[in-house]
Amino acid sequence: MMAMKKGLYAAIALVAVLGITLWVWVMQPLESSATAPTVLVEIPRGSSVADIARILRNKGIVRRRKAFAAAVLLSGSYGRLKAGWYELSAGMSPLSIARKIAAGKVVWAQVTIPEGSTLRQIAQALEKIKICSAADFIAAAVPATVAARPTSFSIPGRTLEGYLFPDTYVFALGTPAKQVVTAMVDQFEQAFVLPTMGTEVPAELGGLHGVVTLASLVEREAKWPEEKPLIAGVLLNRLKLGMPLQCDATVQYALGEHKPRLTYEDLQVESPYNTYLHRGLPPGPICSPGLGSLRAALQPQKTTFMYYVAKPDGHHVFSRTYQEHKAAIARIRGSQP
């Protein structure tokens, strides 16, 4: 009888020791919370408990992978761990880490897309702050992205260049690229398309795609907001007469890089976006225009001007004839050092 009691006591003691050890494992942080730095940790989609434990161990967040696995079980988080980016530290216990990942308390970031940004520039900005990868964003930026849901407009062309509305957005790090693209197209619809429905589109533009394309040229050509409707008017005049638009911004887009000054060789680059070689609008937008440029393209200022040239401060000199235009160029370039 005594032997049975001793065996029972020993078993109870063993269970108690194991329980205490397990509790220490899941409750004891690796470092003091006062000194442990915060680390940004990505939990990829489809990660198992073992995968996450390995990531945390490699990042120096937990001492033992088994401790995290035990914490997942004790917290009832098994099967509930969510992918994303998390701010974690070695000053957190494995149990608190498991609960945070199960609750999906991911890191959120604010990103501002400037007016005039190209699709690739937007993709790079998103990747820089880890909202989504640039490659995934570019792959998602095709018309089919929005075709699956009802919209008030359709998008021709191969990409959503021009339809990703420049604005300030807040996304969780690791947001799927398609979700980010959809949010930007939704904002374009809410900010411009719906409020201007029923507004007559200049015949030369043909429809929304022509408006957005012209607006993208205006966005890149105009440095001062008050000149946007007038520049749109000049470009529309040239379209009406079948003159080449000769818009430097389209050549920059064709080159794939921004150059302080274009050379004669640059103006000869063969591309449907080169408006020195090809008449009419380019095949599509060259950037994401802001609301001011979109409104200017939809309702350009009526003018008899046919030419413009930029001054050093970004304002333009507008001319009616080619002779006046040449004289303006000579004056401006003669005044430059």
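Condition test on residue 79, is it at positive phi and out of contact with any Phe, Trp or Tyr (no Cβ under 9 Å at 6 or more places or on another chain)? The answer is yes for residue 79.
Can you list residue pairs whose Cβ atoms sit under 9 Å apart, with the first residue in the range 210-229 being in contact (Cβ under 8 Å) with a residue 12 or more places away in the chain and the second being among the basic types (Lys, Arg)? Count only pairs 6 or more apart in sequence or on different chains. Filtered contacts from the range 210-229: 215/228; 215/295; 218/228; 219/228; 221/228; 222/228; 228/295; 229/295.
Condition (residue is modelled with pLDDT of 65 or more and either part of a helix (DSSP H, G or I) or among the β-branched types (Val, Ile, Thr) (or both)) applied to the range 13-23: is it met by at least one residue? No; the residues of the range 13-23 include none that is modelled with pLDDT of 65 or more and either part of a helix (DSSP H, G or I) or among the β-branched types (Val, Ile, Thr) (or both).
When 118, 112 are screened for being hydroxyl-bearing (Ser, Thr, Tyr), closer than 25 Å to residue 167 by Cα, at pLDDT 95 or above and open to solvent by 70 Å² or more (accessible area, probe 1.4 Å), only 112 passes.
Restricting attention to the range 289-337, and to residues there that are of a type in the set (S, T, N, Q) and surrounded by 15 or more Cβ atoms within 10 Å (Cβ to Cβ), which single residue is farthest from residue 207 (Cα to Cα)? Selected residue: 319. Residues that are over 26 Å from residue 317 (Cα atoms) and either part of a helix (DSSP H, G or I) or at pLDDT 95 or above (or both) do occur in the range 208-231, at least one of them. Would the range 147-161 turn up any residue that is part of a helix (DSSP H, G or I) and more than 27 Å from residue 214 (Cβ to Cβ)? Checking the range 147-161: not a single residue is part of a helix (DSSP H, G or I) and more than 27 Å from residue 214 (Cβ to Cβ).
Could you tell me whether any residue of the range 168-186 is of a type outside the set (Phe, Trp, Tyr), touching a strand residue (DSSP E or B) at 6+ places or on another chain (Cβ under 8 Å) and in a loop (DSSP other than H, G, I, E, B)? Checked the range 168-186: at least one residue is of a type outside the set (Phe, Trp, Tyr), touching a strand residue (DSSP E or B) at 6+ places or on another chain (Cβ under 8 Å) and in a loop (DSSP other than H, G, I, E, B). Starting from residues that are acidic (Asp, Glu) and more than 20 Å from residue 163 (Cα to Cα), keep the ones in the range 205-229 and report whichever is most open to solvent (accessible area, probe 1.4 Å). So, considering only residues that are acidic (Asp, Glu) and more than 20 Å from residue 163 (Cα to Cα), the one most open to solvent (accessible area, probe 1.4 Å) is 226.
Helices (runs of 4 or more DSSP H) fully within the range 46-141 that include at least 2 residues being within 30 Å of residue 287 (Cβ to Cβ): 119-128, 134-140. Could you identify the single residue in 249, 232 that is in contact with an Asp or Glu (Cβ under 6 Å, 6 or more places away or on another chain) and open to solvent by less than 20 Å² (accessible area, probe 1.4 Å)? Only one candidate qualifies: 249.
The values are calculated or read from the model by the stated rules, or taken from the named source; none is laboratory data. Model, not experiment: these values are computed from the prediction. Positions of Cβ are backbone-derived with ideal geometry, glycine not excepted, and every protein chain shown enters the neighbour counts. To get the accessible areas, we keep the full protein, side chains included, count just its heavy atoms, and leave off ligands, DNA and RNA. Shrake-Rupley method; radii C 1.70, N 1.55, O 1.52, S 1.80 Å.
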